[in-house]
1. Where does the charge balance sit around Phe173 when Lys and Arg score +1, Asp and Glu -1, over other residues with C-beta under 13 Å from its C-beta?
2. What does the highest-first list of 177-184, 159-166, 75-82 look like by mean Cβ count within 10 Å?
3. Could you calculate the FRET efficiency of Glu145 with Gln182 from 1/(1 + (r/R0)^6), where r is the beta carbon distance between them and R0 is 25 Å, rounded to 0.05?
4. Looking at the range 138-197, what % of the alpha carbon pairs are farther apart than 17 Å?
5. Calculate the FRET efficiency for Val59 and Ala81 from the Cβ-Cβ distance with a Förster distance of 35 Å, rounded to the nearest 0.05.
6. I'm a student and want to see the number: the projected area of the Cα convex hull of the range 52-160, averaged over all directions, in nm².
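What follows draws every value from the coordinates through simple rules; no lab data is involved. Here the structure is a predicted model, which is why all the values come from computation and not from measurement. Positions of Cβ are backbone-derived with ideal geometry, glycine not excepted, and every protein chain shown enters the neighbour counts.
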Amino acid sequence: MLCLDGNGRVRILPGGQGVRQMAGESDGVTNSDSEEGEESVEERLAAQVAELEARLRTVSAAYKQKSDEIEATKGRLERNAAIREEVRRGEIVAALFEPVENLHRSIQPLVSVAPDAAQGLSMIHQQFHAALRGLGLEEVGVVGEKFDPSLHEAITSQPTDDPDQDGLILSVFSVGYRNGRQLIRPARVILSILRED
């Protein structure tokens, strides 16, 4: 029960005690008894508030942990989806790569016999390559690039006296291709090797 004391403060009193005191009735409780009752009520309320705050902290921590787990799961799913998409694109590029290269090989003999047909086929070949590049196809093997056995195949080597030229690609016999991390065909290159004295 709530009541106002002489100082204008709200007090919590057990049972109907506040109503009788507000009406000026006496219930046989002395001031010291009511102060002890008020203290025990205040102590109980303080204990309840402390308990509720502790529960709130526990629930908040559990909520934050679940939110972090959800974010981590979303990130993992997005990474997996990106990997699956890259693999799918790589499979498409790999399936179309050889037929497009065969088309390119068929153009060379036509240049002297039917130059208009060779030019038309060359345009189609370029369109195919543009579409494959849109799917992530990249050329590998550039003159002056450092030789990388995971991307390049050395068909021969030439000695050099310049240490800065050691291990560099001197010329490209045939361009290589990769799609993301997947190597479709290694570049066939001529490699510069430092001459040993």
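1. +1
2. Order by mean packing, descending: 177-184, 159-166, 75-82.
3. E between Glu145 and Gln182, to the nearest 0.05, is 0.85.
4. Tail of the P(r) past 17 Å holds 34 percent of the pairs.
5. Efficiency computed from Cβ-Cβ geometry: 0.60.
6. So the Cα hull casts an average projection of 13.4 nm².
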